[in-house]
Amino acid sequence: MKKIYNILAAIAVTALLASCVNDLNTLPLNKTDTTSETAYTSSEDSYLSGLAKIYFQFVSCDVTDLNVSDPGASELIRAFWSLNEISSDAAKCAWNGDAWVAAINTNTWSDANNDASYAVYVRTLQGVSYVNEFLRQTTDGKLGDRGCSDAVKQKVAQMRAEARFLRAYLYWMAMDVFGAVPFTTEESPFGAVNPEYASREQAYEYIVSELVDLTSDGTALPAARSNYPRADIGSALGLLARVYLNAPVYAGVDKWTEAKAVCERIFSMGYGLCSNYADLFRGDNGQNPDALKEILWGVDYNAEQTQSWGGTTLLTFATIASADITDTSHPNGVNGGWGGMRVPFDYVQKYFNVTGQDYTTGDYTIADKRGQLFYIAPTVETKDDPAKPREEIISDLSKFLQGWSCFKYNNIPHDQTAEQFNETAKIKGYSDVDFPMIRLGEIILIYAEACMHLNQASAALPYLKQLADRAGVAAPTTITQDFLVAERARELLWEGHRRTDLIRYGLFTSDTFLWPWKGGALAGQGFSSHMTVFAIPASELLSNPNMKQNPGYGTQN
(Lines give C-alpha, C1' and ligand atoms only; values in the text may rest on other atoms or scores of the structure.)
Protein backbone atom coordinates (compact mmCIF):
# COMPACT_ATOMS: atom_id res chain seq x y z
CA MET A 1 0.00 0.00 0.00
CA LYS A 2 1.02 3.55 -0.65
CA LYS A 3 2.33 5.67 2.17
CA ILE A 4 -0.75 7.88 1.99
CA TYR A 5 -2.91 4.85 2.80
CA ASN A 6 -1.36 4.58 6.25
CA ILE A 7 -1.85 8.29 6.75
CA LEU A 8 -5.50 7.88 5.82
CA ALA A 9 -5.79 5.28 8.56
CA ALA A 10 -4.15 7.64 11.03
CA ILE A 11 -6.63 10.34 10.13
CA ALA A 12 -9.51 7.96 10.64
CA VAL A 13 -8.26 7.21 14.14
CA THR A 14 -6.91 10.53 15.31
CA ALA A 15 -8.80 13.04 13.13
CA LEU A 16 -5.45 14.55 12.16
CA LEU A 17 -5.84 18.13 10.95
CA ALA A 18 -9.61 17.83 11.38
CA SER A 19 -11.58 21.05 11.32
CA CYS A 20 -14.94 22.24 10.12
CA VAL A 21 -15.25 24.46 7.06
CA ASN A 22 -15.50 27.68 9.04
CA ASP A 23 -12.51 26.77 11.22
CA LEU A 24 -10.31 26.94 8.13
CA ASN A 25 -10.84 30.69 8.15
CA THR A 26 -9.43 31.24 11.65
CA LEU A 27 -6.10 31.20 13.40
CA PRO A 28 -5.64 29.63 16.85
CA LEU A 29 -6.06 31.63 19.99
CA ASN A 30 -3.64 29.24 21.71
CA LYS A 31 -0.23 28.86 20.07
CA THR A 32 -0.23 25.13 20.88
CA ASP A 33 -3.38 24.49 18.82
CA THR A 34 -2.81 22.85 15.43
CA THR A 35 -4.14 24.67 12.36
CA SER A 36 -3.10 24.74 8.74
CA GLU A 37 -0.66 27.53 9.62
CA THR A 38 1.23 25.34 12.07
CA ALA A 39 0.62 21.81 10.81
CA TYR A 40 2.82 22.13 7.73
CA THR A 41 6.58 21.98 8.15
CA SER A 42 9.58 21.28 5.96
CA SER A 43 8.84 17.53 5.93
CA GLU A 44 7.07 15.69 3.14
CA ASP A 45 4.87 13.83 5.64
CA SER A 46 3.12 16.99 6.80
CA TYR A 47 1.96 17.67 3.22
CA LEU A 48 0.97 14.04 2.71
CA SER A 49 -1.21 14.43 5.79
CA GLY A 50 -2.93 17.45 4.29
CA LEU A 51 -3.49 15.63 1.00
CA ALA A 52 -4.73 12.53 2.82
CA LYS A 53 -7.42 14.62 4.50
CA ILE A 54 -8.79 15.46 1.06
CA TYR A 55 -8.76 11.84 -0.14
CA PHE A 56 -10.38 10.82 3.14
CA GLN A 57 -13.32 13.15 2.43
CA PHE A 58 -14.73 10.55 0.04
CA VAL A 59 -14.99 7.86 2.75
CA SER A 60 -15.45 9.88 5.94
CA CYS A 61 -18.45 9.17 8.18
CA ASP A 62 -17.57 11.97 10.59
CA VAL A 63 -20.63 14.15 11.18
CA THR A 64 -19.08 16.99 13.15
CA ASP A 65 -20.41 19.43 10.57
CA LEU A 66 -23.42 17.47 9.29
CA ASN A 67 -26.90 17.27 10.76
CA VAL A 68 -28.02 13.80 9.60
CA SER A 69 -29.93 10.92 11.16
CA ASP A 70 -27.45 8.20 10.09
CA PRO A 71 -23.70 8.97 9.99
CA GLY A 72 -23.01 5.92 7.82
CA ALA A 73 -25.45 7.06 5.15
CA SER A 74 -23.71 10.43 5.00
CA GLU A 75 -20.47 9.02 3.55
CA LEU A 76 -19.94 10.76 0.21
CA ILE A 77 -19.64 7.76 -2.10
CA ARG A 78 -22.64 6.10 -0.43
CA ALA A 79 -24.79 9.24 -0.60
CA PHE A 80 -23.89 9.96 -4.23
CA TRP A 81 -24.46 6.30 -5.16
CA SER A 82 -27.86 6.36 -3.46
CA LEU A 83 -29.01 9.41 -5.40
CA ASN A 84 -27.81 8.02 -8.73
CA GLU A 85 -28.93 4.40 -8.39
CA ILE A 86 -31.91 4.22 -6.00
CA SER A 87 -33.63 7.05 -7.87
CA SER A 88 -33.44 4.99 -11.08
CA ASP A 89 -34.55 1.63 -12.43
CA ALA A 90 -31.35 -0.09 -11.20
CA ALA A 91 -31.85 -0.27 -7.44
CA LYS A 92 -34.40 -0.01 -4.67
CA CYS A 93 -33.80 0.16 -0.92
CA ALA A 94 -35.85 -1.75 1.65
CA TRP A 95 -35.27 0.83 4.38
CA ASN A 96 -38.37 2.65 3.22
CA GLY A 97 -39.16 3.73 6.75
CA ASP A 98 -36.43 6.35 6.43
CA ALA A 99 -38.00 9.45 4.89
CA TRP A 100 -35.13 10.18 2.54
CA VAL A 101 -35.07 6.56 1.32
CA ALA A 102 -38.79 6.58 0.51
CA ALA A 103 -38.42 9.82 -1.41
CA ILE A 104 -35.48 8.58 -3.48
CA ASN A 105 -37.09 5.17 -4.09
CA THR A 106 -40.16 6.83 -5.60
CA ASN A 107 -38.83 10.07 -7.13
CA THR A 108 -41.00 12.11 -4.78
CA TRP A 109 -38.41 14.30 -3.10
CA SER A 110 -38.98 18.01 -2.66
CA ASP A 111 -37.04 20.90 -1.16
CA ALA A 112 -37.55 19.32 2.28
CA ASN A 113 -34.43 18.09 4.06
CA ASN A 114 -33.03 14.94 2.43
CA ASP A 115 -30.12 13.26 4.19
CA ALA A 116 -28.57 11.85 1.01
CA SER A 117 -28.59 15.02 -1.08
CA TYR A 118 -27.65 17.09 1.97
CA ALA A 119 -24.64 14.83 2.58
CA VAL A 120 -23.48 15.17 -1.03
CA TYR A 121 -23.83 18.94 -0.81
CA VAL A 122 -21.94 19.37 2.45
CA ARG A 123 -19.20 16.80 1.85
CA THR A 124 -18.36 17.91 -1.69
CA LEU A 125 -18.12 21.58 -0.81
CA GLN A 126 -16.38 20.91 2.47
CA GLY A 127 -13.85 18.92 0.46
CA VAL A 128 -13.42 21.84 -1.92
CA SER A 129 -12.60 24.06 1.06
CA TYR A 130 -9.95 21.56 2.18
CA VAL A 131 -8.38 21.64 -1.27
CA ASN A 132 -8.40 25.42 -1.34
CA GLU A 133 -6.63 25.62 1.99
CA PHE A 134 -4.11 22.96 0.99
CA LEU A 135 -3.26 24.99 -2.11
CA ARG A 136 -2.93 28.19 -0.08
CA GLN A 137 -0.48 26.45 2.24
CA THR A 138 1.67 24.93 -0.52
CA THR A 139 2.65 27.93 -2.60
CA ASP A 140 6.31 28.40 -3.50
CA GLY A 141 6.49 31.24 -0.99
CA LYS A 142 5.10 29.13 1.87
CA LEU A 143 7.39 26.21 1.05
CA GLY A 144 10.39 28.51 0.91
CA ASP A 145 9.54 30.13 4.23
CA ARG A 146 9.40 26.68 5.84
CA GLY A 147 12.78 25.67 4.44
CA CYS A 148 11.49 22.84 2.24
CA SER A 149 14.13 21.12 0.13
CA ASP A 150 13.91 20.98 -3.65
CA ALA A 151 12.95 17.31 -3.37
CA VAL A 152 10.06 18.12 -1.07
CA LYS A 153 8.96 20.96 -3.34
CA GLN A 154 8.85 18.56 -6.28
CA LYS A 155 6.75 16.09 -4.30
CA VAL A 156 4.41 18.87 -3.19
CA ALA A 157 3.95 20.02 -6.79
CA GLN A 158 2.52 16.58 -7.59
CA MET A 159 0.33 16.70 -4.48
CA ARG A 160 -1.04 20.07 -5.56
CA ALA A 161 -1.99 18.59 -8.93
CA GLU A 162 -3.70 15.66 -7.23
CA ALA A 163 -5.59 18.07 -4.94
CA ARG A 164 -6.79 20.07 -7.95
CA PHE A 165 -8.04 16.86 -9.58
CA LEU A 166 -9.90 15.94 -6.41
CA ARG A 167 -11.45 19.41 -6.30
CA ALA A 168 -12.59 19.00 -9.92
CA TYR A 169 -14.11 15.63 -9.03
CA LEU A 170 -15.89 17.07 -6.00
CA TYR A 171 -17.22 19.98 -8.06
CA TRP A 172 -18.37 17.49 -10.72
CA MET A 173 -20.34 15.51 -8.12
CA ALA A 174 -21.98 18.68 -6.79
CA MET A 175 -22.70 19.98 -10.30
CA ASP A 176 -24.19 16.66 -11.39
CA VAL A 177 -26.54 16.50 -8.41
CA PHE A 178 -27.44 20.17 -7.90
CA GLY A 179 -26.58 22.00 -11.12
CA ALA A 180 -25.58 25.30 -9.55
CA VAL A 181 -22.89 25.31 -6.85
CA PRO A 182 -21.36 27.77 -4.39
CA PHE A 183 -17.98 28.47 -5.93
CA THR A 184 -14.60 29.10 -4.29
CA THR A 185 -10.96 28.50 -5.16
CA GLU A 186 -7.69 29.18 -3.38
CA GLU A 187 -7.88 32.68 -4.87
CA SER A 188 -11.23 33.46 -3.24
CA PRO A 189 -11.38 35.98 -0.40
CA PHE A 190 -10.17 34.33 2.79
CA GLY A 191 -12.34 34.63 5.86
CA ALA A 192 -16.03 34.80 6.71
CA VAL A 193 -17.14 35.51 3.13
CA ASN A 194 -20.04 33.70 1.48
CA PRO A 195 -19.12 31.73 -1.66
CA GLU A 196 -20.35 33.10 -4.96
CA TYR A 197 -23.14 31.46 -6.93
CA ALA A 198 -21.98 29.53 -10.01
CA SER A 199 -24.46 28.26 -12.55
CA ARG A 200 -24.12 24.71 -13.83
CA GLU A 201 -22.62 26.03 -17.06
CA GLN A 202 -20.05 28.09 -15.13
CA ALA A 203 -19.17 25.09 -12.96
CA TYR A 204 -18.82 22.94 -16.08
CA GLU A 205 -16.48 25.46 -17.72
CA TYR A 206 -14.30 25.65 -14.61
CA ILE A 207 -14.07 21.87 -14.23
CA VAL A 208 -13.13 21.47 -17.89
CA SER A 209 -10.50 24.22 -17.69
CA GLU A 210 -8.90 22.62 -14.63
CA LEU A 211 -8.83 19.15 -16.17
CA VAL A 212 -7.49 20.40 -19.50
CA ASP A 213 -4.71 22.20 -17.66
CA LEU A 214 -3.93 19.21 -15.46
CA THR A 215 -3.65 16.92 -18.50
CA SER A 216 -1.62 19.25 -20.70
CA ASP A 217 2.08 18.93 -21.47
CA GLY A 218 4.27 19.30 -18.41
CA THR A 219 1.55 18.28 -15.96
CA ALA A 220 2.66 17.54 -12.41
CA LEU A 221 0.30 14.58 -12.29
CA PRO A 222 2.17 11.27 -12.36
CA ALA A 223 2.06 8.95 -15.35
CA ALA A 224 -0.95 6.75 -15.93
CA ARG A 225 -1.08 3.57 -13.84
CA SER A 226 1.75 4.73 -11.58
CA ASN A 227 0.06 6.13 -8.49
CA TYR A 228 -2.79 3.87 -7.36
CA PRO A 229 -4.84 4.43 -5.22
CA ARG A 230 -3.98 8.07 -5.67
CA ALA A 231 -4.85 9.98 -8.82
CA ASP A 232 -2.71 10.27 -11.95
CA ILE A 233 -3.08 11.73 -15.43
CA GLY A 234 -5.30 8.84 -16.49
CA SER A 235 -7.69 9.70 -13.65
CA ALA A 236 -7.96 13.31 -14.80
CA LEU A 237 -8.48 12.31 -18.44
CA GLY A 238 -11.16 9.83 -17.40
CA LEU A 239 -13.10 12.51 -15.54
CA LEU A 240 -12.67 14.90 -18.46
CA ALA A 241 -14.14 12.32 -20.86
CA ARG A 242 -17.13 11.87 -18.53
CA VAL A 243 -17.71 15.60 -18.26
CA TYR A 244 -17.52 16.02 -22.05
CA LEU A 245 -19.99 13.13 -22.42
CA ASN A 246 -22.54 15.03 -20.35
CA ALA A 247 -21.78 18.48 -21.79
CA PRO A 248 -25.21 18.68 -23.51
CA VAL A 249 -26.84 18.41 -20.08
CA TYR A 250 -24.35 20.47 -18.12
CA ALA A 251 -23.77 23.30 -20.57
CA GLY A 252 -26.07 22.81 -23.55
CA VAL A 253 -23.17 22.08 -25.90
CA ASP A 254 -21.95 19.02 -27.77
CA LYS A 255 -18.40 17.91 -27.06
CA TRP A 256 -18.37 14.60 -28.91
CA THR A 257 -15.17 15.37 -30.82
CA GLU A 258 -13.41 16.33 -27.61
CA ALA A 259 -14.72 13.27 -25.76
CA LYS A 260 -13.54 10.98 -28.54
CA ALA A 261 -10.06 12.53 -28.55
CA VAL A 262 -9.70 12.21 -24.77
CA CYS A 263 -10.73 8.55 -24.89
CA GLU A 264 -8.14 7.90 -27.58
CA ARG A 265 -5.47 9.43 -25.36
CA ILE A 266 -6.52 7.05 -22.58
CA PHE A 267 -6.42 4.07 -24.95
CA SER A 268 -2.77 4.88 -25.65
CA MET A 269 -1.73 4.79 -21.99
CA GLY A 270 -1.46 1.07 -21.38
CA TYR A 271 -4.81 0.36 -19.76
CA GLY A 272 -6.57 -2.93 -20.51
CA LEU A 273 -9.74 -4.72 -19.60
CA CYS A 274 -9.61 -7.05 -16.63
CA SER A 275 -9.94 -10.55 -18.09
CA ASN A 276 -12.72 -11.52 -15.65
CA TYR A 277 -15.40 -8.86 -15.10
CA ALA A 278 -16.23 -10.13 -11.61
CA ASP A 279 -12.63 -9.67 -10.45
CA LEU A 280 -12.99 -5.90 -10.83
CA PHE A 281 -15.20 -5.90 -7.74
CA ARG A 282 -13.63 -8.55 -5.51
CA GLY A 283 -12.01 -8.02 -2.13
CA ASP A 284 -8.48 -7.87 -3.56
CA ASN A 285 -9.20 -5.67 -6.58
CA GLY A 286 -6.75 -3.07 -5.26
CA GLN A 287 -3.94 -5.63 -5.27
CA ASN A 288 -4.86 -7.81 -8.25
CA PRO A 289 -2.77 -6.61 -11.24
CA ASP A 290 -5.36 -7.86 -13.72
CA ALA A 291 -8.08 -5.71 -12.11
CA LEU A 292 -5.79 -2.73 -11.58
CA LYS A 293 -4.92 -2.45 -15.26
CA GLU A 294 -8.54 -1.38 -15.88
CA ILE A 295 -9.02 1.08 -13.01
CA LEU A 296 -8.16 4.70 -13.81
CA TRP A 297 -8.97 5.79 -10.27
CA GLY A 298 -10.35 3.87 -7.33
CA VAL A 299 -11.15 4.68 -3.73
CA ASP A 300 -9.29 2.39 -1.36
CA TYR A 301 -11.35 0.51 1.22
CA ASN A 302 -9.77 -1.70 3.88
CA ALA A 303 -11.69 -3.67 6.49
CA GLU A 304 -9.05 -3.09 9.13
CA GLN A 305 -8.26 0.57 8.49
CA THR A 306 -10.77 2.36 6.24
CA GLN A 307 -13.74 1.41 8.40
CA SER A 308 -16.51 3.25 6.64
CA TRP A 309 -20.21 2.34 6.65
CA GLY A 310 -20.49 3.62 3.11
CA GLY A 311 -18.97 2.72 -0.22
CA THR A 312 -18.40 -0.95 -0.79
CA THR A 313 -19.26 -1.85 2.80
CA LEU A 314 -22.79 -0.77 1.92
CA LEU A 315 -22.63 -2.66 -1.36
CA THR A 316 -21.52 -5.93 0.24
CA PHE A 317 -23.49 -5.91 3.51
CA ALA A 318 -26.75 -4.30 2.32
CA THR A 319 -27.21 -6.74 -0.55
CA ILE A 320 -27.93 -9.72 1.69
CA ALA A 321 -30.23 -10.18 4.66
CA SER A 322 -28.87 -11.34 7.99
CA ALA A 323 -31.08 -14.43 7.58
CA ASP A 324 -29.10 -15.31 4.47
CA ILE A 325 -25.90 -15.76 6.49
CA THR A 326 -25.18 -18.78 8.65
CA ASP A 327 -22.18 -19.65 10.79
CA THR A 328 -20.86 -21.82 7.99
CA SER A 329 -21.71 -19.78 4.90
CA HIS A 330 -20.58 -16.25 4.11
CA PRO A 331 -21.29 -16.08 0.36
CA ASN A 332 -20.46 -12.39 0.09
CA GLY A 333 -17.27 -12.54 2.14
CA VAL A 334 -18.55 -10.50 5.10
CA ASN A 335 -19.90 -11.39 8.51
CA GLY A 336 -23.47 -10.17 8.28
CA GLY A 337 -26.22 -8.64 6.20
CA TRP A 338 -28.33 -5.51 6.38
CA GLY A 339 -31.19 -6.49 4.05
CA GLY A 340 -31.27 -3.22 2.13
CA MET A 341 -30.33 -2.95 -1.54
CA ARG A 342 -31.71 -5.03 -4.39
CA VAL A 343 -32.31 -4.83 -8.12
CA PRO A 344 -35.89 -4.78 -9.46
CA PHE A 345 -36.63 -7.94 -11.43
CA ASP A 346 -37.79 -5.79 -14.36
CA TYR A 347 -34.22 -4.51 -14.77
CA VAL A 348 -32.79 -8.05 -14.73
CA GLN A 349 -35.38 -9.26 -17.22
CA LYS A 350 -35.04 -6.28 -19.57
CA TYR A 351 -31.25 -6.06 -19.76
CA PHE A 352 -30.07 -9.60 -18.99
CA ASN A 353 -32.86 -11.76 -20.44
CA VAL A 354 -33.05 -14.07 -17.42
CA THR A 355 -34.74 -17.45 -17.71
CA GLY A 356 -35.33 -20.50 -15.50
CA GLN A 357 -35.31 -18.64 -12.21
CA ASP A 358 -36.10 -20.77 -9.13
CA TYR A 359 -36.45 -18.70 -5.96
CA THR A 360 -36.15 -21.73 -3.68
CA THR A 361 -32.91 -23.17 -5.06
CA GLY A 362 -31.54 -19.86 -6.31
CA ASP A 363 -30.97 -21.19 -9.82
CA TYR A 364 -31.38 -18.98 -12.89
CA THR A 365 -29.87 -18.66 -16.35
CA ILE A 366 -28.27 -15.54 -17.82
CA ALA A 367 -25.89 -15.87 -20.76
CA ASP A 368 -24.17 -12.53 -20.09
CA LYS A 369 -21.44 -13.10 -17.46
CA ARG A 370 -22.13 -9.65 -16.01
CA GLY A 371 -25.59 -10.90 -15.05
CA GLN A 372 -24.35 -13.96 -13.23
CA LEU A 373 -23.64 -11.98 -10.06
CA PHE A 374 -27.18 -11.96 -8.68
CA TYR A 375 -28.49 -13.87 -5.66
CA ILE A 376 -32.14 -14.87 -5.39
CA ALA A 377 -32.61 -17.46 -2.62
CA PRO A 378 -32.09 -17.38 1.16
CA THR A 379 -29.98 -20.18 2.61
CA VAL A 380 -31.68 -20.47 6.01
CA GLU A 381 -35.19 -20.22 7.35
CA THR A 382 -36.58 -16.85 8.33
CA LYS A 383 -38.53 -16.62 11.57
CA ASP A 384 -41.73 -15.26 10.08
CA ASP A 385 -41.89 -17.49 7.02
CA PRO A 386 -39.71 -20.62 6.81
CA ALA A 387 -37.64 -20.87 3.63
CA LYS A 388 -39.49 -17.93 2.14
CA PRO A 389 -38.48 -17.47 -1.49
CA ARG A 390 -37.93 -14.15 -3.11
CA GLU A 391 -40.75 -12.48 -4.99
CA GLU A 392 -40.16 -10.97 -8.43
CA ILE A 393 -42.35 -7.90 -8.15
CA ILE A 394 -41.46 -5.27 -5.54
CA SER A 395 -45.03 -4.54 -4.45
CA ASP A 396 -43.85 -3.47 -0.99
CA LEU A 397 -40.64 -1.44 -1.02
CA SER A 398 -39.94 -2.31 2.62
CA LYS A 399 -39.70 -6.06 1.90
CA PHE A 400 -36.12 -6.96 1.06
CA LEU A 401 -37.04 -10.40 -0.31
CA GLN A 402 -38.92 -8.73 -3.15
CA GLY A 403 -36.43 -8.18 -5.95
CA TRP A 404 -32.97 -9.59 -6.65
CA SER A 405 -29.82 -9.22 -4.57
CA CYS A 406 -26.69 -8.15 -6.41
CA PHE A 407 -23.36 -9.72 -5.46
CA LYS A 408 -21.33 -7.59 -7.87
CA TYR A 409 -19.29 -6.26 -4.94
CA ASN A 410 -17.91 -9.39 -3.26
CA ASN A 411 -15.37 -9.31 -0.46
CA ILE A 412 -13.91 -12.72 -1.31
CA PRO A 413 -10.53 -12.40 -3.11
CA HIS A 414 -10.58 -13.32 -6.77
CA ASP A 415 -8.47 -16.46 -6.29
CA GLN A 416 -10.48 -17.91 -3.39
CA THR A 417 -13.86 -19.60 -3.06
CA ALA A 418 -16.45 -18.75 -0.42
CA GLU A 419 -15.52 -21.93 1.45
CA GLN A 420 -11.82 -21.09 1.44
CA PHE A 421 -12.50 -17.55 2.67
CA ASN A 422 -15.16 -18.50 5.18
CA GLU A 423 -13.06 -18.32 8.36
CA THR A 424 -11.74 -14.90 7.37
CA ALA A 425 -15.22 -13.73 6.37
CA LYS A 426 -16.45 -14.34 9.90
CA ILE A 427 -14.39 -11.40 11.16
CA LYS A 428 -14.98 -9.08 8.19
CA GLY A 429 -17.15 -6.30 9.59
CA TYR A 430 -16.21 -3.96 6.75
CA SER A 431 -15.35 -4.32 3.08
CA ASP A 432 -11.93 -4.64 1.42
CA VAL A 433 -13.34 -3.95 -2.07
CA ASP A 434 -11.99 -0.75 -3.62
CA PHE A 435 -14.67 1.32 -5.37
CA PRO A 436 -13.71 1.93 -9.03
CA MET A 437 -14.48 5.62 -9.54
CA ILE A 438 -13.35 5.57 -13.20
CA ARG A 439 -12.42 2.51 -15.25
CA LEU A 440 -11.68 1.56 -18.83
CA GLY A 441 -15.05 -0.13 -19.39
CA GLU A 442 -16.72 3.26 -18.87
CA ILE A 443 -14.23 4.97 -21.19
CA ILE A 444 -15.03 2.49 -23.97
CA LEU A 445 -18.73 3.29 -23.63
CA ILE A 446 -18.04 7.03 -23.66
CA TYR A 447 -16.01 6.50 -26.83
CA ALA A 448 -18.85 4.51 -28.41
CA GLU A 449 -21.38 7.24 -27.62
CA ALA A 450 -19.14 9.96 -29.01
CA CYS A 451 -18.48 7.95 -32.17
CA MET A 452 -22.21 7.34 -32.63
CA HIS A 453 -22.91 11.06 -32.56
CA LEU A 454 -20.01 11.73 -34.95
CA ASN A 455 -21.20 9.02 -37.39
CA GLN A 456 -17.94 7.16 -36.81
CA ALA A 457 -19.33 4.00 -35.20
CA SER A 458 -16.83 1.77 -36.99
CA ALA A 459 -14.02 3.22 -34.85
CA ALA A 460 -15.74 2.10 -31.65
CA LEU A 461 -16.99 -1.33 -32.64
CA PRO A 462 -13.66 -3.12 -32.00
CA TYR A 463 -13.62 -1.74 -28.44
CA LEU A 464 -17.24 -2.76 -27.87
CA LYS A 465 -16.31 -6.22 -29.09
CA GLN A 466 -13.76 -6.42 -26.27
CA LEU A 467 -16.54 -5.77 -23.74
CA ALA A 468 -18.80 -8.29 -25.46
CA ASP A 469 -16.10 -10.95 -25.58
CA ARG A 470 -15.45 -10.54 -21.87
CA ALA A 471 -19.18 -10.79 -21.15
CA GLY A 472 -19.52 -13.86 -23.37
CA VAL A 473 -22.15 -12.31 -25.67
CA ALA A 474 -22.35 -11.36 -29.33
CA ALA A 475 -20.65 -8.11 -30.31
CA PRO A 476 -22.83 -5.29 -31.66
CA THR A 477 -22.68 -4.41 -35.34
CA THR A 478 -24.22 -0.96 -34.94
CA ILE A 479 -24.44 1.64 -32.17
CA THR A 480 -27.77 3.20 -31.26
CA GLN A 481 -29.03 5.04 -28.21
CA ASP A 482 -31.16 2.03 -27.27
CA PHE A 483 -28.04 -0.14 -27.34
CA LEU A 484 -26.13 2.33 -25.14
CA VAL A 485 -28.99 2.58 -22.62
CA ALA A 486 -28.92 -1.21 -22.28
CA GLU A 487 -25.17 -1.76 -22.46
CA ARG A 488 -24.42 0.88 -19.84
CA ALA A 489 -27.13 -0.76 -17.69
CA ARG A 490 -25.21 -4.02 -17.92
CA GLU A 491 -21.58 -2.92 -17.86
CA LEU A 492 -21.92 -0.14 -15.27
CA LEU A 493 -24.56 -1.70 -13.04
CA TRP A 494 -24.42 -0.18 -9.55
CA GLU A 495 -21.37 1.97 -10.22
CA GLY A 496 -23.19 5.27 -9.64
CA HIS A 497 -23.97 6.28 -13.25
CA ARG A 498 -27.61 5.36 -13.89
CA ARG A 499 -29.47 8.58 -13.00
CA THR A 500 -26.92 10.66 -14.92
CA ASP A 501 -27.24 8.34 -17.93
CA LEU A 502 -31.02 8.42 -18.00
CA ILE A 503 -31.03 12.21 -17.78
CA ARG A 504 -28.61 12.44 -20.73
CA TYR A 505 -30.85 10.15 -22.79
CA GLY A 506 -34.00 12.11 -21.89
CA LEU A 507 -35.49 9.13 -20.04
CA PHE A 508 -35.20 9.95 -16.35
CA THR A 509 -38.47 11.86 -15.93
CA SER A 510 -40.17 10.57 -19.09
CA ASP A 511 -43.68 9.08 -18.96
CA THR A 512 -42.78 6.59 -21.70
CA PHE A 513 -39.70 5.01 -20.08
CA LEU A 514 -41.07 3.46 -16.89
CA TRP A 515 -39.91 1.25 -14.05
CA PRO A 516 -41.57 0.05 -10.82
CA TRP A 517 -42.25 2.89 -8.38
CA LYS A 518 -41.05 5.58 -10.78
CA GLY A 519 -42.79 8.80 -9.84
CA GLY A 520 -44.44 7.14 -6.83
CA ALA A 521 -46.61 4.62 -8.70
CA LEU A 522 -46.04 0.85 -8.62
CA ALA A 523 -46.57 0.69 -12.38
CA GLY A 524 -44.36 3.75 -12.88
CA GLN A 525 -45.21 7.20 -14.15
CA GLY A 526 -43.39 10.31 -15.34
CA PHE A 527 -42.51 13.12 -12.99
CA SER A 528 -41.53 16.78 -13.23
CA SER A 529 -38.43 17.59 -15.27
CA HIS A 530 -37.22 20.05 -12.62
CA MET A 531 -36.22 16.97 -10.61
CA THR A 532 -33.27 16.21 -12.86
CA VAL A 533 -31.42 18.17 -10.19
CA PHE A 534 -31.98 18.16 -6.46
CA ALA A 535 -32.96 21.08 -4.26
CA ILE A 536 -30.27 23.23 -2.69
CA PRO A 537 -30.49 22.48 1.07
CA ALA A 538 -32.52 25.03 2.98
CA SER A 539 -29.70 25.52 5.47
CA GLU A 540 -27.42 26.73 2.66
CA LEU A 541 -30.02 29.18 1.37
CA LEU A 542 -30.39 30.60 4.86
CA SER A 543 -26.66 30.91 5.48
CA ASN A 544 -25.57 32.07 2.02
CA PRO A 545 -27.75 34.75 0.38
CA ASN A 546 -25.66 34.40 -2.80
CA MET A 547 -27.25 31.02 -3.52
CA LYS A 548 -30.54 30.56 -5.38
CA GLN A 549 -32.94 27.67 -5.09
CA ASN A 550 -33.21 25.51 -8.19
CA PRO A 551 -36.35 26.14 -10.28
CA GLY A 552 -39.35 24.08 -9.25
CA TYR A 553 -38.36 23.81 -5.60
CA GLY A 554 -39.93 26.01 -2.94
CA THR A 555 -39.38 29.73 -2.89
CA GLN A 556 -37.10 31.02 -5.61
CA ASN A 557 -34.47 33.58 -4.59
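The values are calculated or read from the model by the stated rules, or taken from the named source; none is laboratory data. As the structure is a prediction and not an experimental result, all values here were calculated from the model. Don't worry about glycine lacking a Cβ; one is built from the backbone with ideal geometry, like all the others, and counts go over all protein chains shown. The protein model used for the area step is the full one, side chains on, heavy atoms only, and it has no ligands, DNA or RNA in it. Shrake-Rupley method; radii C 1.70, N 1.55, O 1.52, S 1.80 Å.
Okay, here's what the table says:
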item: Residues of segment 432-446 satisfying the condition of being more than 15 Å from S235 (Cβ to Cβ), in a helix (DSSP H, G or I) and either β-branched (V, I, T) or open to solvent by 10 Å² or more (accessible area, probe 1.4 Å) (or both); result: I444
item: Set L66, L83: member being within 20 Å of the chain's Cα centre (by Cα), open to solvent by 10 Å² or more (accessible area, probe 1.4 Å) and aliphatic (A, V, I, L, M); result: L66
item: Among residues of segment 189-214, those that are outside any helix (DSSP H, G or I), in contact (Cβ under 8 Å) with a residue 24 or more places away in the chain and surrounded by 15 or more Cβ atoms within 10 Å (Cβ to Cβ), counted; result: 3
item: V120 in contact with a Cys (Cβ under 7 Å, 6 or more places away or on another chain) and part of a helix (DSSP H, G or I); result: no
item: Residue in segment 450-461 that is closer than 26 Å to M341 by Cβ and touching a residue at least 12 places away in the same chain (Cβ under 8 Å) present; result: no
item: Subset of segment 103-158 that is farther than 30 Å from T509 by Cβ, under 28 Å from the mean Cα position of the chain (by Cα) and among the hydrophobic types (A, V, I, L, M, F, W, C) - its residue that is surrounded by the fewest Cβ atoms within 10 Å (Cβ to Cβ); result: A157
item: Lone unmet requirement of (1) open to solvent by less than 30 Å² (accessible area, probe 1.4 Å); (2) modelled with pLDDT under 95 for Y171; result: (2)
item: Inter-residue pairs, beta-carbon under 9 Å, first under 18 Å from F190 (Cα atoms) and open to solvent by 60 Å² or more (accessible area, probe 1.4 Å) and in segment 31-44, second at pLDDT 65 or above and not in a helix (DSSP H, G or I), 6+ apart; result: E37/Q137
item: Residues of segment 216-268 satisfying the condition of being open to solvent by less than 10 Å² (accessible area, probe 1.4 Å) and of a type in the set (D, E); result: D232
item: Segment 416-431 - residue that is of a type outside the set (F, W, Y), touching a helix residue (DSSP H, G or I) at 6+ places or on another chain (Cβ under 9 Å) and in contact (Cβ under 8 Å) with a residue 40 or more places away in the chain and, of those, surrounded by the most Cβ atoms within 10 Å (Cβ to Cβ); result: S431
item: Contacts under 7 angstrom Cβ, first residue in segment 514-532 being free of Cβ contacts under 8 Å to residues at least 12 places away in the same chain, partner assigned to a helix (DSSP H, G or I), 6 or more apart; result: G524/K518
